[in-house]
Amino acid sequence: MKVLLFGATGMIGQGVLRECLNDRGVREVVTVGRRPSEDRHPKLKDVVTPDLTDLSKFESDITGFDACFFTIGVSALGMSEAQYTKVNYDLVLSVARTIGRLNPGIVFIYVSGQGTDSTEHGRTMWARVKGKTENALLALPFKTYMFRPGAVMPMHGIRSSTGWYNVMYAIATPLYPVLKRAFPNSFTTTEQLGKAMIAVARDSSAKRVLETPDINAAATSTAR
């Protein structure tokens, strides 16, 4: 399987990249982003561009792929709905349409979030916008899946680029086994998320929208 990965430098993207590089069934990974990934591996290539809305110069680099994992996202904190929509809707759909045109048989997996509002009419801004994004992706003429993780715990030394997130994770990590037992439907890890994306891209899923329990279940089916 050949994989495109958007957002490889973020916390979730780092975890997905790690699992792709470790999976024997993934033979090539191309990351696309504003910065190169920090990994070096024989089956890894980075495509770096300041403008992800215009990939025309890189079409030869992003053609011939089996799966695309989109993990780019920003916090809604301090953002207007218009600003948040530009990244979490406009950018996502622009990339998805380009990738689908160049790779008609692609499987496109979008990392959304627990609590996303599919009605698009709820009171929470970020949930409305991500619901709109999910609905638009699901209407595209190729196979798309929405992943809605709740709390994602970083593993294997992975860190967030947001400082206060790392403080929060440092506090929560020793409590993770207890939290997972208490709230099994709300917690996953960067490793499980990466494994689940590979499994769904490779073997498909009966569900087009996967919540945390579905993600954790799919992760266990990944064959190394």
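Structure notes:
- When residues in the stretch 20-76 are screened for being open to solvent by 50 Å² or more (accessible area, probe 1.4 Å) and closer than 16 Å to VAL87 by Cα, 7 of them pass.
- Contact map, the stretch 126-152: first residue in contact (Cβ under 8 Å) with a residue 60 or more places away in the chain and under 16 Å from VAL209 (Cβ atoms), second residue in a helix (DSSP H, G or I) and among the polar types (S, T, N, Q), Cβ cut-off under 8 Å, separation 6 or more or different chains; pairs are ARG148/THR212; PRO149/THR212; GLY150/THR212.
- Residues (among the basic types (Lys, Arg) and outside any strand (DSSP E or B)) located in the stretch 1-33: ARG18, ARG24, ARG27
- Matching entry among THR119, THR144 (being part of a strand (DSSP E or B) and touching a helix residue (DSSP H, G or I) at 6+ places or on another chain (Cβ under 9 Å)): THR144
- Pairs with Cβ under 6 Å, 6+ apart, first in the stretch 51-74 and touching a residue at least 12 places away in the same chain (Cβ under 8 Å), second loosely packed, with under 12 Cβ neighbours inside 10 Å and of a type in the set (A, V, I, L, M): none
- Sole exception among (1) modelled with pLDDT under 95; (2) part of a loop (DSSP other than H, G, I, E, B) for MET168, by number: (2)
- Residue list for the stretch 54-88, restricted to those being more than 12 Å from MET125 (Cβ to Cβ) and part of a helix (DSSP H, G or I): SER56, LYS57, PHE58, GLU59, SER60, ASP61, LYS86, VAL87
- Conditions (1) out of contact with any strand residue (DSSP E or B) (no Cβ under 9 Å at 6 or more places or on another chain); (2) over 22 Å from THR188 (Cα atoms); (3) among the acidic types (Asp, Glu): number failed by ASP46: (1)
The values are calculated or read from the model by the stated rules, or taken from the named source; none is laboratory data. Just so it is clear, the structure is predicted and the values come from calculations on it, not from any experiment. Virtual Cβ from ideal backbone geometry, glycine too; neighbours counted across all protein chains shown. Ligands, DNA and RNA are excluded from the accessible area calculation, which covers all protein heavy atoms including side chains. Shrake-Rupley method; radii C 1.70, N 1.55, O 1.52, S 1.80 Å.
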